[in-house]
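Novice: Mind having a look at this structure? Questions to follow.
The values are calculated or read from the model by the stated rules, or taken from the named source; none is laboratory data. Owing to the predicted nature of the structure, the values given are computational and were not obtained by experimental measurement. Every residue, glycine among them, receives a Cβ derived from its backbone with ideal geometry; neighbour counts consider all protein chains shown.
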Amino acid sequence: MIAGREYYRIMLGAKHSHAEECHEGQWFGGGWDIDVDLSNELTDNWRDFNKKFIPIYQEKNPGKSKVTAGLACGMLHRICKGINEGDIVLCPNGSSAYWVGEVIGGYSYHPGHPLPHRRKVQWYPIVIERSEMSDALQKSTGSIGTVSCVTKHGPEIESFIAGNEPPKLIATDELVEDPSVFALEAHLEEFLVHNWPQTSLGQDYDIFQEDGEIVGQQYPSDTGPIDILAISKDKKTLLVVELKRGRASDAVVGQIQRYMGYVQEELAESNQAVRGIIIALEDDLRLKRALSVTNNIEFYRYQVSFKLFKG
């Protein structure tokens, strides 16, 4: 794995509609109804970019929330500015496989064409079948949204590029004190999302959706992705959910507070409150003490059942 290199999953149009065109033309890009040349607009701080272009996006897409607008503008900035030359992109080809390429050029604008905000890429002569990926990489590359950072799977991706057998289990989380149950709980987030309506949280909150698609899973913020962003059924409260496999330490309180601060400052409407929930296998005295002086963060435990039956 090359130091400083980042890795991204990039969708090439809705339902891979421009995949072949991008592959043949050696580029990837985005649109989001921002029909201006961004060459002089790509500030180093994507939050400044969002402040300018969220109103423009919402004007062209009336009825869209700040959550949706923030996601769209943030992904546009990431494609145009945040992804560096030398970074690696994985792009679905529409046939349960991914093209892999290295970014070799800066931003260019192509008005009147699909995905007009573009970057040049040199595709490698390999195709990664989704079935060959580890479960963790399958999950990350299958997330909702045009742009998804998959840098934590860099070693596995580099193994594909080099033609070596990739590792099947890659798991690190410095905020989990007991990772011994990681393999059993590898699909915790996916399970919770798929079964959300049946949970106690699902009675009062919905995971954020736009046009029938979940956008509140792994929602990007300026301090890292939010595991789940939900909204109360009365639309008055935004809920930040942080999942921890195993036992959560008190450090997770600071983490979720950073996410909540971002949601409060950048996404919440003037009449909306922000709450947080930490979900882990178990807590400890330090976490209980930290939460005892907060009034807008709760702790939930989950249970994993694993049984063996003699045949």
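Novice: Taking the options 78, 47, name whichever one is of a type in the set (Lys, Arg), over 29 Å from residue 236 (Cβ atoms) and in a helix (DSSP H, G or I).
Specialist: Numbers: 47 fails: over 29 Å from residue 236 (Cβ atoms).
78 is the lone residue from the list that is of a type in the set (Lys, Arg), over 29 Å from residue 236 (Cβ atoms) and in a helix (DSSP H, G or I).
Novice: Looking only at residues that are among the charged types (D, E, K, R) and more than 23 Å from residue 199 (Cα to Cα) in segment 255-287, which one is modelled with the highest pLDDT?
Specialist: Restricting attention to segment 255-287, the residues satisfying the condition of being among the charged types (D, E, K, R) are 258, 265-266, 269, 275, 282-284, 286.
If we keep only those that are more than 23 Å from residue 199 (Cα to Cα) too, we end up with 258, 265-266, 269, 284, 286.
Working: 258: 94, 265: 89, 266: 87, 269: 86, 284: 80, 286: 86.
For segment 255-287, the residue satisfying everything is 258.
Novice: When the residues of segment 95-120 are narrowed to those that are within 11 Å of residue 7 (Cα to Cα) and of a type in the set (A, V, I, L, M), which ends up surrounded by the fewest Cβ atoms within 10 Å (Cβ to Cβ)?
Specialist: Narrowing segment 95-120 to residues within 11 Å of residue 7 (Cα to Cα): 100-103.
Next, only the ones that are of a type in the set (A, V, I, L, M) stay: 100, 103.
On the way: 100: 19, 103: 22.
Checked segment 95-120; the qualifying residue surrounded by the fewest Cβ atoms within 10 Å (Cβ to Cβ) is 100.
Novice: Anything in segment 95-111 that is of a type outside the set (Ser, Thr, Tyr) and assigned to a strand (DSSP E or B)? List them, or say none.
Specialist: To start, the set of residues in segment 95-111 that are of a type outside the set (Ser, Thr, Tyr) comprises 97, 99-106, 110-111.
Answer for segment 95-111, where residues must be of a type outside the set (Ser, Thr, Tyr) and assigned to a strand (DSSP E or B): 97, 99, 100, 101, 102, 103, 104, 105, 106.
Novice: Inspect segment 87-94 for any residue being surrounded by fewer than 16 Cβ atoms within 10 Å (Cβ to Cβ), modelled with pLDDT under 90 and part of a loop (DSSP other than H, G, I, E, B) and give the result as yes or no. Break it down stepwise before answering.
Specialist: Restricting attention to segment 87-94, the residues satisfying the condition of being surrounded by fewer than 16 Cβ atoms within 10 Å (Cβ to Cβ) are 94.
Next, only the ones that are modelled with pLDDT under 90 stay: 94.
If we keep only those that are part of a loop (DSSP other than H, G, I, E, B) too, we end up with 94.
Yes, segment 87-94 contains a residue that is surrounded by fewer than 16 Cβ atoms within 10 Å (Cβ to Cβ), modelled with pLDDT under 90 and part of a loop (DSSP other than H, G, I, E, B).
Novice: Residue 52 passes all but one of (1) surrounded by fewer than 17 Cβ atoms within 10 Å (Cβ to Cβ); (2) touching a Pro at 6+ places or on another chain (Cβ under 9 Å); (3) part of a helix (DSSP H, G or I); which number fails?
Specialist: Single failed check for residue 52: (2).
Novice: Going by the conditions given, is residue 244 part of a strand (DSSP E or B) and of a type in the set (Lys, Arg)?
Specialist: Spelling it out, residue 244 is indeed part of a strand (DSSP E or B) and of a type in the set (Lys, Arg).
Novice: Further, regarding this structure: State which residue is nearest to residue 238 (Cα to Cα) when the search covers only segment 191-213 and only residues that are touching a helix residue (DSSP H, G or I) at 6+ places or on another chain (Cβ under 7 Å) and either outside the structural domain of residue 234 (by TED's automatic domain parsing) or not in a loop (DSSP other than H, G, I, E, B) (or both).
Specialist: In this case the residue turns out to be 207.
Novice: Could you look through segment 6-45, keep only residues that are of a type in the set (Ser, Thr, Tyr) and crowded, with 16+ Cβ neighbours inside 10 Å, and pick out the one that is nearest to residue 266 (Cα to Cα)? Break it down into steps so the answer makes sense when it comes.
Specialist: First, pick out the residues of segment 6-45 that are of a type in the set (Ser, Thr, Tyr): 7-8, 17, 39, 43.
From the residues that got through so far, the ones that are crowded, with 16+ Cβ neighbours inside 10 Å too are 7-8.
Values: 7: 26, 8: 24 Å.
Across segment 6-45, the extreme among qualifying residues is 8.
Novice: So in segment 109-126, with the set limited to residues that are among the hydrophobic types (A, V, I, L, M, F, W, C) and over 23 Å from the mean Cα position of the chain (by Cα), which one is farthest from residue 13 (Cα to Cα)? Please lay out each step first, then the result.
Specialist: Of segment 109-126, the ones among the hydrophobic types (A, V, I, L, M, F, W, C) are 115, 121, 123, 126.
Restricting the remaining residues to those that are over 23 Å from the mean Cα position of the chain (by Cα) gives 123, 126.
Details: 123: 18, 126: 21 Å.
Going through the qualifying residues, I end up with 126.
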